Every structure is written in C-alpha cells, then in structure tokens.
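The structure under discussion appears below in the form of structure tokens.
The values are calculated or read from the model by the stated rules, or taken from the named source; none is laboratory data. Just so you know, these numbers come straight off a predicted model, no measurement behind them. Please note: Cβ atoms are built from the backbone with ideal geometry, for glycine as well, and neighbour counts cover all protein chains shown. Surface accessibility is based on the protein's heavy atoms, side chains included, excluding ligands, DNA and RNA. Shrake-Rupley method; radii C 1.70, N 1.55, O 1.52, S 1.80 Å.
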Amino acid sequence: MEPYKKHESIAALMDRSNVDTDQIIPKQFLKKVERSGFGVHLFHDWRFNDNGTDNEAFELNKPAFKGAKILVAGDNFGCGSSREHAPWAIADYGFNTIISTSYADIFYNNCFKNGILAIKVDKDQLASLMAEINANEGVRFVIDLENQKVITPAGNGFTFDIDPFRKGNLISGLDDIGLTLKHVDKITAYETRHKQTYPWLWV
Amino acid sequence: MKKTMYEKIWDSHLVVDEAGQAPLLYVDRHLMHEVTSPQAFEGLRLSGRKVRNPQSILATMDHCVPTKNRDLPIADPIAKKQIETMAENCRENGLNLYDMKNPNNGVIHVVVPEHGFVHPGMVVVCGDSHTATHGAFGALAFGIGTSEVEHVMATQTLPQKKSKTMQVVVNGELSKYASAKDIALAITGKIGTAGGTGYVIEYTGSAIKDLSMEGRMTLCNMAIEAGARAGLVAPDEKTYEYLKGREFAPSSQYWDQALAYWKSLVSDEGAEFDATITLTAADIAPQVSWGTSPEQVIGVDGCVPAPESFADEIKRKACESALAYMGLKPNTKITDIPVDLVFIGSCTNGRIEDFRIAAQVAKGTKVAKGVIAIAVPGSYHVKQQAEDEGLDKIFIDAGWEWRDPGCSMCLAMNGDELTKGQRSASTSNRNFEGRQGKGGRTHLVSPAMAAAAASAGHFVDIRNL
C-alpha cells in the first residue's frame, strides 16, 4: 500500500446521501478476478449514457472536477454490499480521500485497507465545504493527515478525529496481515485454549 | 458485570487487546463465494502465506451461477473464469467447496445453516454483507471486505472495533400473513439505513421468540439494511432442535457440553444496551418498499408518500429522486402499483418455509397475463424438500418458472435481470437503483406478498385474501 502523504488537490462534490456500493460499482463489473482496473467503471450507471457517452449531467463528469483526489459526499456514503470493488474503483479512479458525515461500517473498513482516508465531519462542516465547492468549482483543499487537518482557501478548514491505528497504517502504508502475524504466538496460544474449551469445534 | 450476548461473544474471542492497536478477534468460521474471494487468494499467493485453518472454511458458488440449463457451459466468459478460479483456489488450499454441480450447492447463507456449520457463540465472517443471517443462531456474524478475507485466511483473526449494542424489542403477535420479512422492513423503515451504523442489534421480545429459525434468519439477514454490523437472536430450544444431528453440529459425545455453553450465552437479565427500539408486532402490516432504499417502505394498505410529507430536507430530496427513478406518483395506492416480474428466492427468503407460504397463496391461481414469475430455491436441498412436498407442482401449475438455486435476481449477476423500466415484486433485500438490472424498479416484499402480486398483477393486501 502507498503511504498516505500530505497533499493539495481538487475536491469534487457529490451532493447525494446514501450513495450505495451498487452505484459505486454496479454488479456487472464484479466478475473479474483481479484487483485492478475498476476505475473506468466507477459510478457506471450514473456516469455514462446508454450509448456509452459521458452523461454530462453527472457531477463527476464536470471538467472542473477532473483530476480530483478528494470526494466530498452526503450522509451514509458506501451503504449496502460489502464489495471491496467499491474502494478499489474509487482508488483506481484517482481519489484517495473521502469527506462525509458518515459511512457504512464495512465500506469504511475497506477504504483504509486500500489507502483511502475517509474523514468524518459534522453536518455544519460538510455544509460549509459543499458551499465552498459550489461557489468555486475546482477549488483545492489541503489534507494533512499527520496533523489531522483539512485546510481550505475560504477558511472552512478544521481538525478531524481518526483512530490512531488506522492513521498509523495509512501514513506508513503498512500491511495489516504482517502486523497481525507479529502476534502469531498469541494466536496459537488462543487456539490451544479454544480447543480445550470448545472441543466440538475442532473435530 | 452484567453482559449482553454480544459482549460475551466478543470477550471470549479476544486474542490481543493492547493499548495503541485495534483488538484482534478470533474467527471460528469463514464462509466463501466466488465474487469476493479471488483477489484474496491472489494476495495470499503473492505473499507466500497459507490458509491457517482450512477446516474453518466452507465455500459455495452462488452469485454468478445460472439458474437454468446448468448442464450447458456458462455463456459469460468472465463469469466462467470466476467460477473456475474459485474451484482452483479451493482445490489448491484443500477447502470444502459445494460447486455448481454438488447436491449441497446453493446460496451460501442458505447452505451453511443446512449443514449445521454455524453454532451459537461463534464468530463468523464472509465477504458478503448478508453474513448477518447467521446471527439467528446466536453467532456474531458479519460481512467483511476482500482484504479482510485474506487477513482471516492468513491469521484466523481480524482487527476489530467493538460495536455499540442496540436492542430491538418486538412484542405481541404478528397479524395474519405478516412475517419476519415485514418485521425487518418495518425496522429499517423506522430507524433508516444508517440507524444501526456502529451497532450490533439483538432482537428480543415475544414476536421474535415466536419466529421459526428460518424467520430469524430472514430477520438477521436484513440487520445490514438497517446499517448494523450484525444482528443476533438468543439461542433457545428451537435453535438446539434445528442444529441437532446436522453434519457439522456437535456430535453426541460433545452435545451436552456444547448445550451448556450455548445456554450461558444469553444476555444477562438487566444487561444494558446503548440503545433500545420497540415495535408492536400487531401494528406491522405486510410491507412494500416504494423507493430506492430499504428504508423507503410502507404498509400495503398505505400510499406512495409525497416528497412534501418529509420534514427532513435530505429525506425529501431522496423521495423526489426515488419517485422519479421508480416512475411513481405521490399518493398512489400501493395496491394500484402493477408488477411485471415476481421473484421469490435469495438469502433473505429462499428457504423452505418461504416456498411453503408462497405456494399456499399461489395454489389454484394463475400468474397474471404479462407477468413473469420465477421461484429460485436457496439451495438444492430446499429444492428437493419443496419437490418432496409437491410445492414445485403448485408453482408450475400456476405458471411459475421453477429454477435451480443461486442468488439470481437478488443482484442480477448471473443473467437473470430486469430490463429498463420493468417493475418487480421481489423477496430479496435491496431495492437500490439498478440492483436488479439497469433501470429496473424493485419493490421488496415477503414471499406471501410476492405470490399474491404474481396472480393479481399488482400488489394485494394479503390480509384480505
């Protein structure tokens, strides 16, 4: 995983709530056995017309949002299916940061496994970020994970909370499995006890 | 300290709990299907790691499999490759796989309970959000992403954040034909799709106790639709009776020991929950979803709401866009909405009890002109059981298609799908835009409601039948 660095990027706006993973990556694209190449299918059903051309009414197709790394979206982003294809598509498209008031649990976990920082803000903070983007499409925000800060030109910046374990892993780009396997002795010891306590699970 | 069932299971599965890092939780059972596993196996191979406990895994093929003409090769080459990859990965790692031709094949969350693979008190995961189903047995069961699938294969553990606890109490008796599905939809309607975010729900109350194991599975299955990490029902005599004698249930040698343990799992009297929601069973009418989110539901005797009826601006906007997508006008009576296709099946409602009740409603009727009705059993065992009871004949005589098992139209990956503008009555779990096919319009209902809609050609208040 790429270490997450401080960056200044265009912030794209999706002023919709309850964006579900079926929309982020529709089911017809879940048949691949690889992890890569899902970005071209991100938001497929909203993004493209039936004839395959770009749907100009879809917000992410606005020229001002081209190259955005930050996605600002409405409440409960990523609800529905557990498909990790959703964050794979988001990351492959070029986003590394999402800002919303809330996320579905599984989606939120999946983001951090794929180098995506999902920032939680309150309703007022989200409203002011949305207003700033609406007033100035193409505006660039600074994301400083080390200091847990979002900085905006109009001064709508703030400090955000994040679990220190998730933060550390994003900054170092560390592999979760490697970290867990440092505890392999404890896992083995647990299994020994587990076999004695619940023998019927092991026959 | 008094503990809830969730806290008891959590505490007994903690492997590492140290300051400065996420607690590591031990995983007893790992369920798999073809869509969310291939990249995890690839990751394992690339890092030179092995599956730690192959016995903890049960795999099936369900999302992409055809539900008819199964003897023919799979037409879609990408789906075919995914199916072949699954078989190869399971063979290479020595995993128990019920492939497409296996008599045990079916939808993962239908197959697993049939074999007694999940017991009370276990921690169960699967790369599938509807893993919550197995909470019906008093197991902590939740969906994970593919990176986590790889993590569990390699370590048999997962770093987890402890959830808050929510008690959903449903007391009293359900009205005629109202079912577990209606309870699940009514809960989602009441608390919203984010209402359970950060929580594990425990369903309690006399109406929950009265549910069969199949009903409890339907209810817990949709805990995720209310945003919850998992749903739980306390194990009781029905649970033990269901499990006894099944292939992976404790043998007679260990049965009493297991039973004593299971009985100790029930939430302590007076244990505190972080939130409590109460519903009265008698108030729950058969539900129909009218929008593009499972929280957009109403009783069958109601009308499609008007956007202005929502005080909250976000909900008003969501209603507007849902009605536009669904092609519905405000204040239309639910019973005036016509249907083009009826689907009974899925991990929510693909069990024997679902086909029994649907057959009871369908018996002696004919599918309305212009309507397509398909019944897709959740597994080959469900299919066989239904055929032994003559249910297939009732459906076929009424003009239904009687298919082979699979996820089918629940998420429409296998070619069974709606075309643009087609409207379904579906016993599945999600009505998101495009879920059953691009431009398709889904109304979520119970099996009895689906069967009644098939013969009438529109929704019907089955309480009046």
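The table below lists the values:
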{"item": "Top-ranked residue of the range A:10-23 - restricted to ones that are closer than 17 Å to B:GLN436 by Cβ and either touching a residue at least 60 places away in the same chain (Cβ under 8 Å) or in contact with a Ser or Thr (Cβ under 6 Å, 6 or more places away or on another chain) (or both), ranked as farthest from the other protein chains (Cβ to nearest Cβ)", "result": "A:THR21"}
{"item": "Of all residues in the range B:342-364 being of a type in the set (A, V, I, L, M) and open to solvent by 10 Å² or more (accessible area, probe 1.4 Å), the one that is farthest from the chain's Cα centre (by Cα)", "result": "B:VAL361"}
{"item": "Filter result (open to solvent by 10 Å² or more (accessible area, probe 1.4 Å) and either within 11 Å of chain A (Cβ to nearest Cβ) or under 19 Å from the mean Cα position of the chain (by Cα) (or both)) within the range B:47-56", "result": "B:SER47, B:ARG49, B:ARG52, B:ASN53, B:GLN55"}
{"item": "Qualifying residue in the range B:10-17 (condition: surrounded by 18 or more Cβ atoms within 10 Å (Cβ to Cβ) and out of contact with any helix residue (DSSP H, G or I) (no Cβ under 9 Å at 6 or more places or on another chain))", "result": "yes"}
{"item": "Members of the range A:144-166 found to be in a helix (DSSP H, G or I) and basic (Lys, Arg), listed by number", "result": "A:ARG166"}
{"item": "Options B:LYS81, B:LYS68: the member that is surrounded by fewer than 22 Cβ atoms within 10 Å (Cβ to Cβ) and without any contact (Cβ under 8 Å) to a residue 24 or more places away in the chain", "result": "B:LYS81"}
{"item": "Residue within the range B:57-64 that is more than 14 Å from every other protein chain (Cβ to nearest Cβ) and open to solvent by 10 Å² or more (accessible area, probe 1.4 Å) present", "result": "no"}
{"item": "Output for the range B:67-80, where each listed residue is assigned to a loop (DSSP other than H, G, I, E, B) and either of a type in the set (D, E, K, R) or more than 12 Å from chain A (Cβ to nearest Cβ) (or both)", "result": "B:THR67, B:LYS68, B:ASN69, B:ARG70, B:ASP71, B:LEU72, B:PRO73, B:ALA75, B:ASP76"}
{"item": "Options B:GLY121, B:GLY198, B:GLY172; residue that is surrounded by fewer than 24 Cβ atoms within 10 Å (Cβ to Cβ), at the interface with chain A (Cβ under 10 Å from one of its Cβ atoms), in contact with a strand residue (DSSP E or B) (Cβ under 9 Å, 6 or more places away or on another chain) and closer than 24 Å to B:ASP236 by Cβ", "result": "B:GLY121"}
{"item": "Condition broken by B:ASP268, with the remaining ones in (1) closer than 24 Å to B:SER428 by Cα; (2) part of a loop (DSSP other than H, G, I, E, B) satisfied", "result": "(1)"}
{"item": "Residue count for the range A:167-203, restricted to those that are in a loop (DSSP other than H, G, I, E, B), within 10 Å of another protein chain (Cβ to nearest Cβ) and open to solvent by less than 40 Å² (accessible area, probe 1.4 Å)", "result": "2"}
{"item": "Members of the range A:97-134 that are touching a residue at least 60 places away in the same chain (Cβ under 8 Å), open to solvent by 10 Å² or more (accessible area, probe 1.4 Å) and farther than 22 Å from B:THR36 by Cα", "result": "A:MET130, A:ASN134"}
{"item": "Sole exception among (1) within 14 Å of chain A (Cβ to nearest Cβ); (2) open to solvent by less than 10 Å² (accessible area, probe 1.4 Å) for B:PRO159, by number", "result": "(2)"}
{"item": "One residue from B:SER289, B:SER251 being within 14 Å of another protein chain (Cβ to nearest Cβ), modelled with pLDDT of 95 or more and within 27 Å of B:VAL111 (Cα to Cα)", "result": "B:SER251"}
{"item": "Subset of the range B:292-304 that is open to solvent by less than 20 Å² (accessible area, probe 1.4 Å) and away from chain A (no Cβ under 14 Å) - its residue that is farthest from B:ASN464 (Cα to Cα)", "result": "B:VAL304"}
{"item": "Residue within the range A:152-160 that is touching a Phe, Trp or Tyr at 6+ places or on another chain (Cβ under 7 Å), more than 9 Å from chain B (Cβ to nearest Cβ) and under 28 Å from A:LEU13 (Cβ atoms) present", "result": "yes"}
{"item": "The range B:135-173: number of residues that are among the aromatic types (Phe, Trp, Tyr) and more than 21 Å from B:GLY227 (Cβ to Cβ)", "result": "1"}
{"item": "Scan of the range B:305-323 for residues that are touching a Pro at 6+ places or on another chain (Cβ under 6 Å) and over 21 Å from A:PHE77 (Cα atoms), ordered by number", "result": "B:ALA306"}
{"item": "Within the range B:90-108, considering residues that are part of a helix (DSSP H, G or I) and either closer than 22 Å to B:CYS347 by Cβ or of a type in the set (Asp, Glu) (or both), the one most open to solvent (accessible area, probe 1.4 Å)", "result": "B:GLU92"}
{"item": "Top-ranked residue of the range B:382-414 - restricted to ones that are touching a residue at least 60 places away in the same chain (Cβ under 8 Å) and within 14 Å of chain A (Cβ to nearest Cβ), ranked as most open to solvent (accessible area, probe 1.4 Å)", "result": "B:ASN414"}
{"item": "Residue under evaluation B:LEU140, criteria (1) surrounded by fewer than 20 Cβ atoms within 10 Å (Cβ to Cβ); (2) touching a residue at least 40 places away in the same chain (Cβ under 8 Å), criterion not met", "result": "(1)"}
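Okay, residues lined up against (1) under 18 Å from A:ALA11 (Cα atoms); (2) in a loop (DSSP other than H, G, I, E, B); (3) within 11 Å of chain B (Cβ to nearest Cβ):
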{"position": "A:ASP45", "(1), (2), (3)": "no, no, yes"}
{"position": "A:GLY52", "(1), (2), (3)": "no, yes, no"}
{"position": "A:LEU60", "(1), (2), (3)": "yes, no, no"}
{"position": "A:VAL72", "(1), (2), (3)": "yes, no, no"}
{"position": "A:SER81", "(1), (2), (3)": "no, yes, yes"}
{"position": "A:ALA86", "(1), (2), (3)": "no, no, yes"}
{"position": "A:PHE95", "(1), (2), (3)": "yes, yes, no"}
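Yes/no per residue for (1) under 17 Å from the mean Cα position of the chain (by Cα); (2) in a helix (DSSP H, G or I):
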position: B:THR36; (1), (2): yes, no
position: B:ARG45; (1), (2): no, yes
position: B:GLN82; (1), (2): no, yes
position: B:VAL110; (1), (2): yes, yes
position: B:HIS130; (1), (2): yes, yes
